[in-house]
Amino acid sequence: MHSSGLMMNRPLLISGLVQHADENHGDSEIVSRLPNGSTHRYTYHEAHHRSRQLARALLALGANGDDRIGTLAWNTHRHFEIYYAVSGMGAICHTINPRLFPEQITYIANHADDRFVFFDLTFAKLVEALIPACPGVKGWIVLCNRDEMPDSATPNLYCYEELIAAQSADYKWPEFDENTASSLCYTSGTTGNPKGVLYSHRSTLLHALAACLPDSLNVSACDCILPVVPMFHANAWALPYISALTGAKLVLPGPYLDGASLYTLIEEESVTFAAGVPTIWLSLLQHLQAEKLRLSTLQRLMVGGAAAPLSMMQTFDSYGVALIHAWGMTEMSPLGTINAKKRKHLTLTDDEKNHLRIKQGRTPYGVQMKIVDANGQELPHDGKVFGDLLVRGPWIVSHYFRSENVSPLIDGWFPTGDVATIDADGYMQITDRSKDVIKSGGEWISSIDLENIAVAHPAVAEAAVIGAPHPKWDERPLLVVVRKPGQKVSRDELIAFYLGKVAKWWIPDDVVFVDELPHTATGKLSKLTLRQRLREYRFPDVSGNLI
Ligand code: AMP
C-alpha cells in the first residue's frame, strides 16, 4: 500500500478556467466577427458574467446534469460562452460540424440525444430540415438579438440574447468529480458513421495545460490568439480553453475564413498567434502575394489537421512568420505532437533544420507513442522504418460514446490509423493515413511526401497523390494537380520535377489535371472522394494505350 499525499483535492473543472480569466485577466479582450458582419468586443470579465447568465437560462429551460447540448455555430464570443456555460453547469457541450451532410448531422444529433441546440443564423435553413428529424431536441436557440430572429412558425425556437437578458449572473459553478464528461465531438468519419469522442473535465484541463507549454503552442498573457480552426473541430485545438488559462487576447473570426478577411483581422487586432489547417494558410499566402502585403504583428502560425509542405513554411519565413507543424486527432483532444526544437538543434544548418521542421514533431509530457508492424511488433525509432502509429495518454479516447462495450484499444494503446516514422530524438513524421498509403509491388510509398514535392512546383496550387490500380504493381502513384490561375505546366514537366527528389520507383506514373480537389468537412483533402471520382482511371502504357 502507498500512503496518500496530503494536498488539497480540488477538482480540475472547465469552469475554473473562465473564473481564473475573470479574476486575473478580467480586462483582457475577446473580439468576434459576427455572422451579420459586425464586430463584437468585450472582456473575459463580461464573458464570465454572461456564461453564468446562460447557465441559469439553460437550467430555467429545463436542461440538467448530463444533457448533451448541441451547437451549430461559428467561432464567436457566443460560442465561447456556450463552451463554458454548458460544461460549467455539468452538462455536455456537443459541437456539431455544420459542414457535414444534413443526414450525418441528423444522425449525430440523434445519436448524441441532444436536448437543446444552439445555432447561428447562417444555419437557419439547415435547422429547418433538422427539426422534424430530431424529435429529441426540446429547444432550438438562435444565436442572435431579438430583432434578428427568423420569421418561423417553429415552436421551441428561442432567442439567445433574450434568454441571457432574462437572467442574473447570480450563479455559483457547481463542483463535481473532474472525471465528469464535459464535451462531445464526433470524428468526421470518412468511412461508416461518425464516432463520438466524449472528453472529461480532467482530460480537457490536463490537455490545455500541456498545450500551453513553451514547446507546445507557447501561449502567454502577452499573446493575441486567433483560432481559425473552428470550435466544431476538435474544440478549436483547445484554444478557447488555452486563452482563458493564459489570459491571452482572443480573436474569433466568425464565418469569415478567406485570406482577405483573415489578413484584415490579424492586422486590425494585432494577432501574434493563429492556428488552422494548411488550406487556410494557403489562402492567406495567396492574398498576401496577390496584394503585396506584409504582416506586422503575426509571429507564429500553428498548422495541423493535414501535412504542411516545406514550401509553405519557407514562404511564411519570408514574411517573418514561423509556421509550426503539429499533429493530432479528435480522439486526442487533439494535441499529439508539435515540432519544437531541442537545444542541440540550435546550431543545425538550414538544410538540416528544414529536414527537421517538416516532421509532425515530438510529444509533450502526457502523450506516449510507438510504431508497430502488421503483427503488432514494435519497430525501431530510426526515422526510416515506418509502421502503424499507436498512442496513449490521459487525454486520449478509451471508448467511443455509446460504444462502451467495444474497445478500440490494442493492449491499452489507441491505433491512430496513421502510418509514421519516429526518429531517435522522438520526432514523428506521418507518411500517410494507413488507407492512403500506396502499395506498389509489396512496398509502401508515402502519398504525403509526393504531394509535398508537387506543391513546391511554382505552377501548382494544390496536389493529391492516390494509388491507382496497376496490373503489375498492384498500385502505382497517380498525381492529381490543380494549377495556379494562369500558370502552365505539363505532365512531363511535373514528372521530371521528381527526379533526384525521391527514389525512382516512387515517382508518379501519370498526372491528371483538375479544376479543384475535393475536401472533407474539416478542410482536408478527401482522398476517398478523389479515389471514387477517378475510379475509371487507367494508366497509359508507353504507346499511350490504357493498361
Ligand atoms: P481529425 O480527427 O479530424 O482532427 O483528424 C485527425 C487526422 O488528421 C490524423 O489522424 C491525421 O491523419 C491527420 N493529421 C492531423 N494533423 C496532421 C499533420 N500535421 N500532418 C498530417 N496529417 C495530419
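The values are calculated or read from the model by the stated rules, or taken from the named source; none is laboratory data. As the structure is a prediction and not an experimental result, all values here were calculated from the model. Virtual Cβ from ideal backbone geometry, glycine too; neighbours counted across all protein chains shown. Areas reflect the complete protein model, heavy atoms only, side chains present, ligands, DNA and RNA absent. Shrake-Rupley method; radii C 1.70, N 1.55, O 1.52, S 1.80 Å.
Mind giving me the FRET efficiency for Glu162 and Arg535? R0 is 41 Å, r the Cβ-Cβ distance, nearest 0.05 is fine. Working from the Cβ atoms, E equals 0.20. Rounded if a/c is under 1.5, else prolate if a/b is larger than b/c, else oblate: which is the chain, with a ≥ b ≥ c the root eigenvalues of its Cα gyration tensor? Because a/c hits 1.5 or more and a/b exceeds b/c, the chain counts as prolate. Sparse packing (at most 11 other Cβ atoms within 10 Å of the Cβ) combined with a DSSP loop state is found for the following trypsin sites (Lys or Arg not before Pro) in the range 269-340: Lys292, Arg294. By DSSP, the beta bridges lying fully in the chain are antiparallel in about 55 percent of cases. Can you give me the C-alpha center-to-center distance between the range 207-229 and the range 285-332, rounded to a whole angstrom? When both Cα centres are located, 16 Å separates them.
Go ahead and collect, in residue order, the members of the range 151-180 whose backbone nitrogen is under 16 Å from a label point 7 Å along the Cα-Cβ direction of Asn9. Residues passing the 16 Å test: 175-180. What separates the Cα centres of the range 50-119 and the range 355-427 is a distance of 31 Å. Checking every one of the trypsin sites (Lys or Arg not before Pro) in the range 426-488 against DSSP loop status and a limit of 11 other Cβ atoms within 10 Å picks out Lys472, Lys488. Overall form of the range 175-287: oblate. Here a/c, set by the Cα gyration tensor axes a ≥ b ≥ c, is 1.5 or more, and a/b is not larger than b/c.
For the chain, the per residue solvent-accessible surface stands at 43 Å², with DNA, RNA and ligands left out and a 1.4 Å probe. Sparsely packed loop sites in the range 118-226 (the trypsin sites (Lys or Arg not before Pro) outside DSSP H, G, I, E and B with at most 15 other Cβ atoms within 10 Å) comprise Lys138, Lys172.
Rounded to 0.05, the FRET efficiency of the Thr106 and Lys384 pair, given R0 = 45 Å and the Cβ-Cβ distance, is 0.45. With a 1.4 Å probe and every protein chain kept in, tell me what percent of the accessible surface of the range 296-437 is carbon plus sulfur. Ligands and nucleic acids excluded, carbon and sulfur reach 50 percent.
Modelled this way, with points 7 Å down the Cα-to-C-beta line, the labels at Ser407 and Lys138 are 3.7 nm from one another. Taking GluC sites (Glu not before Pro) in DSSP loop conformation with at most 14 other Cβ atoms inside 10 Å as exposed sites, the chain has its longest uninterrupted site-free stretch at 176-403. Could you tell me whether the range 436-533 comes out rounded, prolate or oblate from its Cα gyration tensor? Rule is a ≥ b ≥ c as square roots of the eigenvalues, rounded for a/c under 1.5, then prolate if a/b exceeds b/c, otherwise oblate. Note, shape of the range 436-533 comes out oblate. With a simple spin-label model that places each label point 7 Å from the Cα along the Cα-to-Cβ direction, the separation between Gln299 and Asn179 comes to 4.0 nm. Bridge orientation summary for the range 272-382: considering DSSP beta bridges with both residues in this region, about 40 percent are antiparallel.
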